[in-house]
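So the structure is just underneath, and the comments pick up after that.
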Amino acid sequence: MGFPVDFLWGGASAANQCEGGIFEGGRGPANVDVCPAGPDRSEVITGHRKMLRMDEAHRYPAAEAVDFYHRFREDIRLMGEMGFKVYRMSIAWTRIFPTGEEETPNEAGLQFYEQVFQECRKYGIRPLVTISHFDCPIHLIEKYGGWRDRRMIACYLRLCRVLFVRYREYVTHWLTFNEINMILHAPFMGAGLCFEEGENEEQVKYQAAHHELVASALAVKLAHEIHAENKVGCMFAAGSAYPYSCSPEDVWEALLTDQENYFFADVQARGYYPSYAVRRLQKKGVYPVMEQEDERILREYPVDFISFSYYNSRCIAAKEQETAEGNLFKSAKNPYLKFSEWGWPIDPLGLRTTLNQVYDRYQKPLFIVENGLGALDEPDDKGYVADDYRIDYLREHIRAMKAAVEEDGVELLGYTSWAPIDLISASTGQMKKRYGFVYVDKQEDGSGTGRRIPKKSFYWYKRVIETNGEEL
Ligand code: BGP
């Protein structure tokens with residue numbers, strides 16, 4: 001038994017966290033460029049501080065990131081050496097359409113990704129492309145206020161069409177929006193939203209979410225029309241919500257948290273707004289304005305597969321409890337779990353639980369497109385990192401995933417860990433929160449040579465792939 005022979009092992013990254021080169025190749029400015037490192041980041045990514053230009057007072061880690069823009073050949077070679085079958089990556093929208101509204105795409109941007117795909121092909125690596133990974137042109141934020149405006153749908157589809165046509169021979173697997181539920185927690189990063197004083201934030205968020213959901217469905221339609229082999233997935237930040245105790249109140253609150261999280265995939269996979277969302281959004285007066293054809297569009301073009309990120313489970317209490325950090329949002333501190341250096345719970349069995357719940361819910365193939373440990377790495381004097389802690393984390397999660405496949409019958413297409421090469425953290429903008437199998441000599445203050453040095457986990461993961469997950 002074990003994993004299917006065509007199981008897709010690999011790693012995942014995002015343009016804004018690895019590429020850098022934001023002023024090169026005709027690329028235009030994007031929301032992700034102006035998310036600073038440091039204490040102001042949180043207000044900016046949540047849309048509570050409008051800062052659409054870079055200024056002298058802040059440091060912007062996406063500007064250089066880890067220079068994938070110039071070093072992609074070396075990085076992909078390293079992925080090839082590990083035996084990757086798939087590389088999940090994203091397109092920087094403003095490399096293709098610098099303002100988001102040009103009539104014709106920017107050829108230099110298109111060529112850049114073409115070279116990336118060609119490089120992948122050399123090593124037999126299939127690209128899995130996220131069309132929008134926290135990415136929105138600044139021009140569209142200034143003109144339309146980001147995804148709050150329905151006209152964003154047409155801009156996004158223009159991008160999709162160009163990608164589907166131009167990369168037809170390279171890419172068959174696409175994700176429409178990274179962690180689409182992030183819109184509720186980091187709406188500037190997720191959807192280019194900045195809030196005005198006194199406006200109903202929830203209403204804006206669900207309206208923007210609706211536009212993204214319609215755009216996602218229309219992208220599925222377009223992808224299928226352009227190439228019959230195209231498969232399109234949704235992507236959300238997963239992690240089951242556990243009740244803090246078996247008190248019915250805790251159980252109920254946990255259910256509400258799960259529903260809030262599943263809402264997006266519910267629409268994308270099943271093709272309609274779930275009844276719980278209709279009632280609750282209406283009751284709060286935040287049900288989005290829809291056009292007549294929207295219901296039909298959502299119904300006719302559901303996604304082909306479901307992908308998600310899993311870093312941790314969550315723990316939900318009806319009464320106030322001590323909290324713990326985590327991907328997306330804080331929740332109650334689970335007394336049964338250990339925590340990472342950034343305070344995120346570590347819960348491998350939770351991945352098996354999540355896989356089962358998601359599969360039960362949708363009955364469509366799944367893809368784990370992010371999972372990993374952000375940790376402080378300390379290289380020796382040769383730059384080598386013995387990251388046994390990362391190996392332990394990944395081993396336990398892969399074991400749990402294996403059990404879900406082998407023993408529970410979950411249909412799983414692949415696993416891309418976050419992230420093969422160290423890169424910038426999305427939530428904190430830090431460089432020192434590292435996830436990679438490959439160390440990048442780049443420090444918090446931007447200094448360093450950028451040199452790539454495989455860590456211990458590099459050799460371990462290579463063996464995992466070689467043995468199709470038999471040797472962990
Ligand atoms: C997810 C994002 C990624 C990635 C990851 C790790 O939310 O999709 O972009 O960064 O989390 O989170 P962080 O970088 O905040 O540690």
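Take the residue pairs K205/K319; K432/K462; K284/K330; K231/K456 and return only those whose Cα atoms are more than 28 Å apart.
Beyond 28 Å: K231/K456.
Of the options F72, N106, G47, report the single residue whose Cα projects farthest towards the positive end of the charge dipole of the stretch 22-126 (beta-carbon charges: Lys, Arg +1; Asp, Glu -1).
Highest projection toward the positive end goes to F72.
Under 12 Å Cα-Cα from K122, which aspartates and glutamates qualify once same-chain neighbours fewer than 8 residues away are excluded?
Straight-line reach from K122, under 12 Å: E81.
Using a/c under 1.5 as the rounded threshold, could you call the stretch 296-406 rounded, prolate or oblate? The axes a ≥ b ≥ c are square roots of the C-alpha gyration tensor eigenvalues, and prolate needs a/b larger than b/c, oblate otherwise.
Verdict is oblate for the stretch 296-406.
What ranking, highest mean first, results for peptides 282-294, 298-310 when packing means the other Cβ atoms within 10 Å averaged over each residue?
Descending mean neighbour count gives 298-310, 282-294.
So how strong a dipole does the chain carry about its Cα centre when Lys and Arg Cβ are +1 and Asp and Glu Cβ are -1, to the nearest 20 debye?
About 580 debye.
With a/c under 1.5 counting as rounded, go ahead and sort the stretch 212-329 into rounded, prolate or oblate using the C-alpha gyration tensor (a ≥ b ≥ c being the square roots of the eigenvalues; past the cut-off, prolate if a/b is larger than b/c, else oblate).
oblate
Give the separation of the Cα centroids, the stretch 212-260 to the stretch 90-132, in Å.
Between the Cα centre of the stretch 212-260 and that of the stretch 90-132, the gap is 26 Å.
Under the classification rounded if a/c is under 1.5, otherwise prolate if a/b is larger than b/c and oblate if not, where does the stretch 8-112 fall, given a ≥ b ≥ c as square roots of the Cα gyration tensor eigenvalues?
oblate
Relative to the Cα centre, what is the charge dipole magnitude of the stretch 122-255, using +1 at the beta carbon of each Lys and Arg, -1 at the beta carbon of each Asp and Glu, and rounding to the nearest 20 debye?
Using only the charged Cβ atoms, the result is roughly 1060 debye.
Once the piece of chain linking E169 and A386 is laid out straight, how much longer is it, given 0.36 nm per residue of separation minus the C-alpha distance between them?
Answer, rounded to one decimal: 74.2 nm.
Ratio to report: Rg/Rh of the stretch 365-472, with Cα atoms as the point set and Rh obtained by the Kirkwood method; give two decimals.
1.02
Among S417, P288, L184, which residue has its Cα furthest toward the positive end of the charge dipole of the chain, with +1 on Lys/Arg Cβ and -1 on Asp/Glu Cβ?
So the residue furthest toward the plus end is S417.
Among G26, Y389, P302, pick out the residue whose Cα is farthest towards the positive end of the charge dipole of the chain, where Lys and Arg carry +1 and Asp and Glu carry -1 on C-beta, about the Cα centre.
Selected residue: P302.
Determine, for L413, L337, the number of other Cβ atoms within 10 Å of each Cβ, and report the residues in order from fewest to most.
Listed from fewest to most nearby Cβ atoms, that is L337, L413.
How far, in nm, would the chain grow between R296 and K283 when pulled straight, counting 0.36 nm per residue and subtracting the alpha carbon separation?
2.3 nm
What ranking, highest mean first, results for peptides 198-209, 261-272 when packing means the other Cβ atoms within 10 Å averaged over each residue?
Result, highest mean first: 261-272, 198-209.
Where does the chain land on Rg/Rh, using Cα atoms and the Kirkwood Rh?
Rounded to two decimals, Rg over Rh is 0.93.
Whole angstrom only: what separates the Cα centroid of the stretch 398-414 from the Cα centroid of the stretch 268-291?
Measuring centre to centre over Cα atoms gives 32 Å.
Any read-out appearing in this document is the output of simple, stated calculations on the displayed coordinates, not a laboratory observation. Fair warning: this is a prediction, and the values are worked out from it, not measured in the lab. Don't worry about glycine lacking a Cβ; one is built from the backbone with ideal geometry, like all the others, and counts go over all protein chains shown.
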